[in-house]
1. Would you mind listing the helices (runs of 4 or more DSSP H) fully within the range 63-181 where at least 2 residues are farther than 22 Å from residue 27 by Cα?
2. Does the range 14-54 hold any residues that are free of Cβ contacts under 8 Å to residues at least 12 places away in the same chain and over 21 Å from residue 108 (Cα atoms), and which are they?
3. Quick check, is residue 78 touching a strand residue (DSSP E or B) at 6+ places or on another chain (Cβ under 9 Å) and over 21 Å from residue 149 (Cα atoms)?
4. Can you tell me which residues in the range 8-30 are surrounded by fewer than 15 Cβ atoms within 10 Å (Cβ to Cβ) and either touching a strand residue (DSSP E or B) at 6+ places or on another chain (Cβ under 9 Å) or modelled with pLDDT of 95 or more (or both)?
5. Give 183, 208, 187 a once-over and let me know the one that is surrounded by 14 or more Cβ atoms within 10 Å (Cβ to Cβ) and under 30 Å from residue 21 (Cβ atoms).
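The values are calculated or read from the model by the stated rules, or taken from the named source; none is laboratory data. No experiment lies behind these values; they were computed from the predicted model shown. Note that we place each Cβ from the backbone using ideal geometry, even for glycine, and neighbour counts take in every protein chain shown.
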């Protein structure tokens, strides 16, 4: 039991160290030497637990997005008595977009991990889109779901990267609405429903008070 606790503590210490380093100095500039020195660890342990620095970054980003998702679910349930998956997904995307605009550290981290070709967990993303399909009784095959998943994720990453680079001349609201419309059109969601989602979630979003604190800590006031 003591050995298990020590192992878990070592892994958590590496994660927490990387959160701090990735947030403050960026993913690209953080080296294994930096991580080992600050975490009082060694390259062998990092390789044992995570294999690569990319995997640590993927874990941290996944944990961060999960905290946004859980907070949005709790917020909608608290204020509106229920959680709507399409509303929730749109709000999560809008919150991430806003945080990338507000927080230079998050923006740098996101841009760098996307630029290095970080592979997000395909199984988790597939299950997310499968949940949409099942929840709203949309008729798609397994391969069609995977095609939607690949298209939306790839387009989303590309759009945000280009937005950060200042590639677009249109305003951010236009860019955001395009992303959401594209995603739901691929799922055969009606224009009427998409308009409802965009309009209603914008009202909800405008009432939300949230922030990102040091080292990828997301908070949303209830």
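1. Result: 85-102, 122-135, 142-164.
2. The answer is 36, 37, 42, 43, 44, 47, 48, 51.
3. No, not satisfied.
4. 16, 24, 29 - these are the residues of the range 8-30 that are surrounded by fewer than 15 Cβ atoms within 10 Å (Cβ to Cβ) and either touching a strand residue (DSSP E or B) at 6+ places or on another chain (Cβ under 9 Å) or modelled with pLDDT of 95 or more (or both).
5. Only one candidate passes the filter, namely 208.
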